[in-house]
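The values are calculated or read from the model by the stated rules, or taken from the named source; none is laboratory data. Note that the coordinates shown come from a computational prediction; the quantities given were computed from them, not determined experimentally. Here the Cβ positions follow ideal geometry from the backbone for every residue, glycine too, while neighbour counts run over all protein chains shown.
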Amino acid sequence: MGNGDISWSCVRCGRAFGAARPDACVVCGTEAPSILGIPILTFRPHVSIDALRTQLATVPDAAQPVNREAVKRVLDPALAQTEGLPRRPIGTSDFMATRMAGWEDRFTYLYIDWTDTEEFRADRAFVLDAVLRHCPDRSVAAVLGCGAGGLVASLATAFPASLGLDVSLPHLLLADHLLRGGALSLQLPQARWRQVSMRGPTTPPRGAGFIVADAAALPFAPGSISLVVTQYLLDIAGAPTFIAREINRVLSPGGVWLNLGLPFRRSSDPPDAGLLTCDDMPAFLDDLAFDALEIRRRRAMFHDLSALDEWLPASVHSTIFFAAKKRGDLAPDPVARAFEGHAARRGTAILDMIPRLIAGRRIHLLEGWSFGPGGAKPRVELIAASGKSMSIPGPLGAFLRRLLSSIDGERTAREVLAAVGSASDDALTEDDFVVLLRTLMLRGWLEIGQTRPSAQRQP
């Protein structure tokens with residue numbers, strides 16, 4: 001068994017830090033604050049902190065009284081810690097980083113993982129058995145899309161370091177409260193507001209912890225992780241290939257990737273190609289320098305709340321399980337290198353590349369009205385490339401309309417920035433724009449190609 005040492009790197013410029021992770025990258029300046037021991041290792045960490053402040057401020061309007069009090073008891077200390085951090089402006093270009101699930105949307109995850117449900121017991125036993133059979137090197141495990149963190153606690157019994165990564169700081173703070181032996185009592189809207197009580201382990205697992213991070217931009221140095229688990233993640237990721245490339249990068253030679261989840265689609269797949277299933281996994285993994293160790297269709301419960309309410313149907317899905325071993329390193333991606341080079345101030349090649357909306361992946365902005373007791377209000381609905389919808393403020397809708405209209409497959413990123421920035425209500429810096437482009441690419445909204453031949457470039 002390994003020693004569980006973690007080797008870090010900067011998510012923006014790729015600078016390797018070793019075991020000593022700094023509070024800010026010495027090359028690109030990206031900050032890495034921690035809230036109650038949970039580091040925020042993303043392109044825009046201040047957005048996660050602002051989201052925590054905003055969500056806590058709106059809890060009284062968004063939650064049942066029982067949930068409101070439970071959430072505030074756990075998260076008020078986190079809010080107090082943010083008071084010592086500088087406040088940074090949130091611009092329209094940060095909209096992708098602010099997309100977070102609501103409070104009650106995620107309470108079900110906590111119930112499943114922390115009340116000894118049959119669903120979680122089955123998943124835990126299945127994963128630990130796969131670890132015993134396929135993962136001889138047990139140094140550092142990382143669970144991407146860790147949800148409520150139950151698997152993180154379980155893997156801590158087999159690994160000196162077990163890390164759970166998710167994009168929602170508020171949700172990870174609740175999960176960490178339980179991981180450390182705390183208690184929560186919540187009412188679940190999906191179970192007709194049944195109240196459930198949860199409590200973490202009497203002895204908190206050593207080496208287990210959480211990180212706010214994007215699965216498509218991992219904060220680990222190359223070759224530093226022995227096991228990666230993706231848990232119902234690839235089907236909700238806009239571009240799962242980017243996640244797979246990151247997993248390949250951070251896994252040690254011969255490291256293992258375990259996946260449990262639903263069928264999924266690559267961003268490059270034609271819209272009528274259907275979802276990838278078990279039959280497609282050997283080729284998918286081989287293209288990404290993985291050797292398949294085991295692939296199977298598994299019938300599994302998913303968010304089964306029937307134990308709380310007999311009128312709720314038991315939910316069983318056909319899922320993809322695979323275990324794959326890293327065969328070798330992938331060739332460096334020139335677009336990723338260009339993004340890292342821009343962050344490290346080594347050049348602006350990324351601005352001379354051409355962003356294109358992905359063929360067949362339409363993005364819809366629907367403008368209309370909503371009606372209620374307060375009267376009529378304008379409403380903008382965004383339906384993203386993944387098919388998920390969300391309501392957005394009107395100014396953001398106008399910004400997205402300008403941005404997406406400017407990405408025509410002919411203009412370089414520099415020309416798109418000039419077109420959008422000149423009409424933007426808030427200051428859109430070059431750095432903000434490049435981070436936004438990178439985020440949209442990792443979410444499967446667009447792809448970025450090489451530069452135009454010099455003879456075709458516009459003046």
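Things worth noting here:
- Top-ranked residue in the stretch 8-29 [being crowded, with 20+ Cβ neighbours inside 10 Å and either in contact with a Leu (Cβ under 9 Å, 6 or more places away or on another chain) or not assigned by TED's automatic domain parsing to the domain that holds Pro77 (or both); ranked as nearest to Ala208 (Cα to Cα)]: Trp8
- Residue check, Ile236 at pLDDT 95 or above, outside any strand (DSSP E or B) and closer than 29 Å to Phe339 by Cβ: no
- First in the stretch 26-48 and more than 19 Å from Ser7 (Cβ to Cβ), second anywhere and among the hydroxyl-bearing types (Ser, Thr, Tyr), Cβ under 8 Å, 6 or more apart: Ile35/Thr82; Phe43/Thr30; Phe43/Thr439; Pro45/Thr30; Val47/Thr98; Ser48/Thr42
- Checking each residue in the stretch 162-194 for being part of a strand (DSSP E or B), in contact (Cβ under 8 Å) with a residue 60 or more places away in the chain and of a type outside the set (A, V, I, L, M) picks out Ser185, Gln187, Arg194.
- Sole residue being outside the structural domain of Met390 (by TED's automatic domain parsing) and at pLDDT below 70, chosen from Phe120, Phe95, Phe107: Phe95
- Checking each residue in the stretch 195-211 for being assigned to a loop (DSSP other than H, G, I, E, B) and surrounded by fewer than 20 Cβ atoms within 10 Å (Cβ to Cβ) picks out Pro201, Thr202, Thr203, Pro204, Pro205, Arg206, Gly207.
- Output for the stretch 282-314, where each listed residue is assigned to a strand (DSSP E or B), of a type in the set (A, V, I, L, M, F, W, C) and closer than 14 Å to Trp257 by Cα: Phe290, Ala292, Leu293, Ile295
- When residues of the stretch 1-48 are limited to those that are outside any loop (DSSP other than H, G, I, E, B), among the hydrophobic types (A, V, I, L, M, F, W, C) and closer than 22 Å to Asp176 by Cα, the one nearest to the chain's Cα centre (by Cα): Ile40
- Qualifying position, being out of contact with any strand residue (DSSP E or B) (no Cβ under 6 Å at 6 or more places or on another chain) and closer than 30 Å to Phe17 by Cβ, among Ala244, Ala283, Ala273: Ala244
- Test set (1) within 21 Å of Ala217 (Cβ to Cβ); (2) surrounded by 13 or more Cβ atoms within 10 Å (Cβ to Cβ); (3) over 23 Å from the mean Cα position of the chain (by Cα) - Pro355 fails condition number: (3)
- Top-ranked residue of the stretch 223-273 - restricted to ones that are in contact with a Pro (Cβ under 7 Å, 6 or more places away or on another chain) and among the basic types (Lys, Arg), ranked as surrounded by the fewest Cβ atoms within 10 Å (Cβ to Cβ): Arg266
- When residues of the stretch 150-167 are limited to those that are surrounded by 22 or more Cβ atoms within 10 Å (Cβ to Cβ) and among the polar types (S, T, N, Q), the one nearest to Phe220 (Cα to Cα): Ser162
- Of Gly387, Gly347, all but one fail to be in contact with a helix residue (DSSP H, G or I) (Cβ under 8 Å, 6 or more places away or on another chain), without any contact (Cβ under 8 Å) to a residue 60 or more places away in the chain and not in a strand (DSSP E or B); the exception is Gly347.
- Residue in the stretch 375-384 that is of a type outside the set (S, T, N, Q), touching a residue at least 60 places away in the same chain (Cβ under 8 Å) and either over 23 Å from Gly29 (Cα atoms) or outside the structural domain of Asp94 (by TED's automatic domain parsing) (or both) present: yes
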